[in-house]
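A quick write-up on the structure given underneath.
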Amino acid sequence: MVVAALLMAGCSQKVSDEGFFGVWTVEGFTTTEDAALTEEETQALVGRNGVYSKHIAHFEDIQCLKPGYVVHALEPEAFVEHYGITPQALGFPEGEVTTVEITCFDTPLEEPMSLLLKGEETLITAWNGVFFEARRKTGAPLSAR
């Protein structure tokens, strides 16, 4: 249903982009009113790693051994509708924001997770109403290339 809403919101879509594959370290966060985590729980994730490749998507308690990635380019209006926050509040420049919806073929994700691509070395993991800003620690694992 979310994917259908995004498509109807006037965004372009493509299948997977390896530019976000690799290990990413959380350096900060932005919370929303819908955050399901406490301030302490959120702060505890700073310094933790997320791993994204063609064989695994892993962040905190979420581990998917058969991930699927759908890349979208969202216009600012569609971004606000989907995430409840403006791209500028997260430090994005004007214009479209590239988002990656993660699906899991081995076990469905209890909470949706998205990656928001901010640049080659920075991405934001959107999870549980919190936007975790992460910096690339390593490039794509060899198995993902």
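The values are calculated or read from the model by the stated rules, or taken from the named source; none is laboratory data. Source: prediction; values computed, not measured. Note that each Cβ is placed from the backbone with ideal geometry, even for glycine, and that neighbours are counted across all protein chains shown.
Every residue, every condition in (1) within 10 Å of the chain's Cα centre (by Cα); (2) under 23 Å from G47 (Cα atoms); (3) outside any strand (DSSP E or B); (4) modelled with pLDDT of 90 or more, yes or no:
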{"residue": "V80", "(1), (2), (3), (4)": "no, no, yes, yes"}
{"residue": "I85", "(1), (2), (3), (4)": "no, no, yes, yes"}
{"residue": "G95", "(1), (2), (3), (4)": "no, no, yes, yes"}
{"residue": "I102", "(1), (2), (3), (4)": "yes, yes, no, yes"}
{"residue": "S143", "(1), (2), (3), (4)": "no, no, yes, no"}
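The residues in segment 110-135 that are surrounded by fewer than 17 Cβ atoms within 10 Å (Cβ to Cβ) and either farther than 19 Å from T32 by Cβ or of a type in the set (D, E) (or both) can be counted, and the count is 7. For beta carbons closer than 9 Å, sequence separation of 6+ or different chains, a first residue in segment 53-74 that is under 28 Å from T86 (Cα atoms) and without any contact (Cβ under 8 Å) to a residue 40 or more places away in the chain and a second that is assigned to a strand (DSSP E or B) and of a type in the set (F, W, Y), the qualifying pairs are H58/Y52; P67/Y52. Taking the numbered list (1) closer than 17 Å to V26 by Cβ; (2) surrounded by fewer than 20 Cβ atoms within 10 Å (Cβ to Cβ); (3) at pLDDT 95 or above; (4) among the aliphatic types (A, V, I, L, M) in turn, A89 passes all entries but (1).
If you go through segment 35-85 and pick out every residue that is surrounded by 17 or more Cβ atoms within 10 Å (Cβ to Cβ), among the β-branched types (V, I, T), within 15 Å of W24 (Cα to Cα) and out of contact with any His (no Cβ under 6 Å at 6 or more places or on another chain), you end up with 1.
Selection within segment 16-34: residues that are charged (D, E, K, R) and under 14 Å from E121 (Cα atoms). The member of this set that is surrounded by the most Cβ atoms within 10 Å (Cβ to Cβ) is E18. Examine segment 63-72 for a residue that is touching a Gly at 6+ places or on another chain (Cβ under 9 Å), at pLDDT below 90 and in a strand (DSSP E or B), and state whether such a residue exists. No, there is no match, as no residue in segment 63-72 is touching a Gly at 6+ places or on another chain (Cβ under 9 Å), at pLDDT below 90 and in a strand (DSSP E or B).
Residue-level check: of (1) modelled with pLDDT under 85; (2) not in a loop (DSSP other than H, G, I, E, B), G10 misses just (2).
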